[in-house]
Amino acid sequence: MELKGLIAPPMANGDVVFDEPWQSRVFGMARALCEQGMFTWDEFREQLILQIGSFTDDGDYQYFIHFFDALTLLLEKKQLFSKDELVVLSEQLAARPHGHDHSH
Amino acid sequence: MSEESPQAIRAEALESILIEKGLLTAKAVDDVIALYSERVGPLNGARLVARAWVDPQFKKQLLTDATSIVESLGFEGGQVEKLVVVENTDKVHNAVVCTLCSCYPWAVLGLPPKWYKDPAYRSRIVMEPRQVLAEMGVGLGSNVEIQVWDSSAEIRYMVLPVRPPGTQNLNEEQLAELVTRDSMIGVEVLVGVEVPGEAS
């Protein structure tokens with residue numbers, strides 16, 4: 001199994017479902033926001049269907065990128081957040097020195 | 001410069017922004033991940049399967065009204081609006097897909113495997129199920145009918161796999177350990193257990 005040991009969730013009968021930790025964070029964010037009433041899971045699901053449905057090139061399909069895009073688009077629709085903030089902060093984070101936050 | 005992928009950075013940025021705005025806490029995200037990776041998981045489904053194997057009355061109930069059973073057992077994770085359990089036999093093999101997106105019975109199977117969301121699986125399992133199942137290691141005789149169930153937001157499906165041979169002496173708990181997630185999606189057939197002392 002690829003990436004075994006890197007995230008290795010302790011599942012009794014399953015295997016690794018996330019390729020990278022950020023994917024589980026994004027999944028966790030969506031569920032937590034839903035549980036806190038920021039949107040309904042149906043609203044999120046509909047947005048996700050739109051994202052996945054608009055994807056045509058099978059060559060580079062990455063489910064969690066669509067999942068992430070669906071989440072940010074829905075948050076924008078709800079006026080809870082703007083993509084500009086995301087762009088600015090992402091640039092700042094990308095400029096950090098190597099090895100800044102290896103807390104795990 | 002950071003070695004993280006641009007997508008990992010965007011995810012981190014999003015989480016920071018949402019926490020900053022008070023919409024989210026890191027702990028809430030941690031809790032969700034722990035819930036789905038440890039407590040929900042396919043073990044819930046495995047327990048249902050094992051019990052159905054040893055208890056004919058329970059099996060009947062599971063095949064007619066799985067939703068009520070899941071509700072009464074109070075599995076965490078929600079998202080099982082209506083759960084339908086379909087039984088594999090030596091004549092019929094069932095497999096589950098969501099052709100639209102990735103609807104999946106989380107409360108009984110945990111998080112879906114990566115390939116479940118793959119466009120190739122989602123389209124091909126409907127078009128050429130026998131071929132796809134063979135590629136996934138499930139070779140079925142031509143006399144076995146294949147039924148593919150398309151999950152939706154309203155109805156989620158789970159497969160009740162065939163009880164493997166050589167398991168007559170196992171109790172419910174031991175049986176549950178044999179049941180894999182893939183067998184409950186219908187892309188694996190459980191093989192018999194080797195009896196200690198007889199296997200080489």
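FYI, it's all coordinate maths here, none of it is from the lab. The structure presented is a predicted model; accordingly, all values stated were derived computationally and were not measured. For neighbour counting, all protein chains shown are included, and Cβ atoms are generated from backbone atoms with ideal geometry for every residue, glycine included.
The calculated FRET efficiency for B:Ser142 paired with B:Trp115, based on their beta-carbon distance and R0 = 30 Å, is about 0.75.
From the helices alone, meaning DSSP H stretches of at least four residues, give me the mean residue ellipticity at 222 nm for chain B, per-run term -39500 (n - 2.57), in deg cm²/dmol to the nearest 500. If you can, show how the numbers build up before the last one.
On the way: 10 runs with 85 residues, N = 200.
After summing the helix terms and dividing by residue count, I get -11500 deg cm²/dmol.
Neighbouring Cβ atoms from other chains, within 10 Å of the Cβ of residues in A:28-39, number 6 on average. For chain B, taking a cut-off of 4.7 Å between Cβ atoms, the unpaired cysteines are B:Cys101.
Ignoring trypsin sites (Lys or Arg not before Pro) that are buried or in helix or strand per DSSP, and keeping those with at most 14 other beta carbon atoms within 10 Å, what is the longest stretch of chain B between them? Don't jump to the answer; show the numbers that get you there.
Working: sites that count: B:Lys21, B:Lys91.
Within chain B, the longest run free of exposed trypsin sites (Lys or Arg not before Pro) spans B:92-200.
Distances between every pair of Cα atoms in the stretch A:21-94, grouped in 10 Å steps from 0 to the bin holding the largest one, split as 18, 49, 30, 3 percent. Strictly over 23 Å apart at the Cα level, which of A:Lys78/B:Lys21; B:Lys91/B:Lys117; A:Lys78/B:Lys114 would you flag in this model? Among A:Lys78/B:Lys21; B:Lys91/B:Lys117; A:Lys78/B:Lys114, the Cα-Cα distance tops 23 Å for B:Lys91/B:Lys117; A:Lys78/B:Lys114.
Calculate the mean, over all residues of peptide A:83-95, of how many other protein chain Cβ atoms lie within 10 angstrom of the residue's Cβ.
Working: counts 1, 0, 6, 6, 2, 2, 8, 10, 2, 3, 8, 9, 3.
The shielding value for this peptide is 5.
Model label points for A:Ser54 and B:Val92, set 7 angstrom from Cα along the Cα-to-Cβ axis, are 4.1 nm apart. Both the radius of gyration and Dmax for chain B are 19.3, 63 Å, in that order, over alpha-carbon atoms.
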